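The values are calculated or read from the model by the stated rules, or taken from the named source; none is laboratory data. Remember, it's a predicted structure, so these values are computed and weren't measured experimentally. In this analysis, Cβ positions are derived from the backbone assuming ideal geometry, glycine residues included, and neighbour counts consider all displayed protein chains. These area figures cover heavy atoms from the full protein model, side chains too; ligands, DNA and RNA do not enter into them. Shrake-Rupley method; radii C 1.70, N 1.55, O 1.52, S 1.80 Å.
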There are 2 protein chains.
Amino acid sequence: MSPPRSTSGINDGILQRWKREDSLKRGSLGLRGVALFFSLTSFLLMASNNHGNWQHFDMFQEYRYLLAVALVSSLYTGGQVYRQIHELSSGNNLFRPTTAALIDFLGDQVMAYLLISSASTSIPVTDRMREHGDTLFTDSSAATITMAFFAFLFLALSSIISGYKLSAQT
Amino acid sequence: MSPPRSTSGINDGILQRWKREDSLKRGSLGLRGVALFFSLTSFLLMASNNHGNWQHFDMFQEYRYLLAVALVSSLYTGGQVYRQIHELSSGNNLFRPTTAALIDFLGDQVMAYLLISSASTSIPVTDRMREHGDTLFTDSSAATITMAFFAFLFLALSSIISGYKLSAQT
């Protein structure tokens, strides 16, 4: 005897929802993993950007800002990736779902704004220095800005997913 | 005779949903209206920021960028406010709801990123000039940056509403 049609339809619906939630979880984990990679690269590049005399990142407020944001972004994405892997493997959640969705969305969104802000800030000063010729210092700065911009792109995508999750919760 | 309980419950649900959609519409219209005001002020302040000699916004790439973004933001928020008022008064929609939700969300989000980017870019150059004393030129620039930052804040809030609407559609 086949099961009643309506029950099977509901089961299909729940299965589909689970599958979607699962792919959303993996998607946001992947995006945050890539953002972590770019943030960390950006932070390490800027922190080692010291080529003697005035060619030191500490001499420019724009570069200090970028360094600070890259550090915070590395810590944030690192913490999120750690939490998500922990939740996927153990199956129990650190926070209540609504709290987690809110933290995720606000975190992604604020970090994306900070990253685009700091990357934009550092462009003009690098640009002006490069007018007098490229050096190792300006090249490292340009690479750092690019990495911060990529980190922004992936966190902006991740914030769309976490915004969707938040409104599915409420 | 009172109506059946279940129908009344459904009616209440629909009524509540309508009320929520209505308050969301008014909320996003208000936020965009305020963003339009700040974008337009920012654009006009920067466009008239000419105090002779090198004290002209056109001499600085950061200020040209801010002017362009403020113009685009004024046009975007102006268009959105016009469309929303038209839809509220006539009752018929210019776009299909899903298309409108997508345009709203992408537009708000991209404009918010552009505004925070251009406001951040203009801060260091203004900061350096103010170290040598405040003039009308640096004061106007600082005011423009503040207006662009306020426009960013209200568009960022509006993008949360339009993100919620988009995921309610899909």
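Residues that are part of a helix (DSSP H, G or I), surrounded by 13 or more Cβ atoms within 10 Å (Cβ to Cβ) and either in contact (Cβ under 8 Å) with a residue 24 or more places away in the chain or not aliphatic (A, V, I, L, M) (or both) within the stretch B:88-102 comprise B:Ala101, B:Leu102, listed in sequence order.
Given the structure, is A:Arg26 basic (Lys, Arg), within 14 Å of another protein chain (Cβ to nearest Cβ), assigned to a helix (DSSP H, G or I) and farther than 24 Å from B:Leu114 by Cβ? No; evaluated as a whole, the condition is false for this residue. Scanning the stretch B:150-167 for residues that are closer than 14 Å to B:Val34 by Cα, in contact with a Phe, Trp or Tyr (Cβ under 8 Å, 6 or more places away or on another chain) and not hydrophobic (A, V, I, L, M, F, W, C) yields one hit, B:Ser159. Checking each residue in the stretch A:117-143 for being touching a helix residue (DSSP H, G or I) at 6+ places or on another chain (Cβ under 8 Å), open to solvent by 10 Å² or more (accessible area, probe 1.4 Å), of a type in the set (A, V, I, L, M) and touching a residue at least 40 places away in the same chain (Cβ under 8 Å) picks out A:Val125, A:Ala143.
The residue of the stretch A:119-142 that is nearest to the other protein chains (Cβ to nearest Cβ), among those that are touching a Ser or Thr at 6+ places or on another chain (Cβ under 7 Å) and under 17 Å from A:Phe38 (Cα atoms), is A:Ser120.
Check B:Phe105, B:Phe150 and return the single one that is crowded, with 23+ Cβ neighbours inside 10 Å and either assigned to a helix (DSSP H, G or I) or within 14 Å of another protein chain (Cβ to nearest Cβ) (or both).
Among B:Phe105, B:Phe150, only B:Phe105 is crowded, with 23+ Cβ neighbours inside 10 Å and either assigned to a helix (DSSP H, G or I) or within 14 Å of another protein chain (Cβ to nearest Cβ) (or both).
Return the only residue of B:Arg64, B:Arg96, B:Arg83 being out of contact with any Leu (no Cβ under 8 Å at 6 or more places or on another chain) and closer than 27 Å to A:Tyr164 by Cα. One residue alone meets the criteria, B:Arg96.
Just one of (1) within 14 Å of chain A (Cβ to nearest Cβ); (2) under 27 Å from A:Ile145 (Cβ atoms); (3) at pLDDT below 95 fails for B:Ser162. It is (2).
Residues being free of Cβ contacts under 8 Å to residues at least 12 places away in the same chain and not β-branched (Val, Ile, Thr): count how many of those fall in the stretch B:103-116. Qualifying residue count, the stretch B:103-116: 2. Remark: pairs (first residue in the stretch B:36-50, closer than 8 Å to B:Ala151 by Cβ; second residue open to solvent by 40 Å² or more (accessible area, probe 1.4 Å) and not β-branched (Val, Ile, Thr); Cβ separation under 8 Å; 6+ apart in sequence or on different chains) = B:Phe38/B:Met147; B:Phe38/B:Phe150; B:Phe38/B:Phe154; B:Ser39/B:Met147; B:Ser42/B:Met147. Filtering B:Ile116, B:Ile85, B:Ile123 for residues that are more than 27 Å from A:Ala151 (Cβ to Cβ) and of a type outside the set (Gly, Ala, Ser) leaves a single hit, B:Ile85.
Quick check on the stretch A:59-67. Is at least one of its residues away from every other protein chain (no Cβ under 14 Å) and not basic (Lys, Arg)?
Checked against the condition, which is being away from every other protein chain (no Cβ under 14 Å) and not basic (Lys, Arg), the stretch A:59-67 yields at least one hit.
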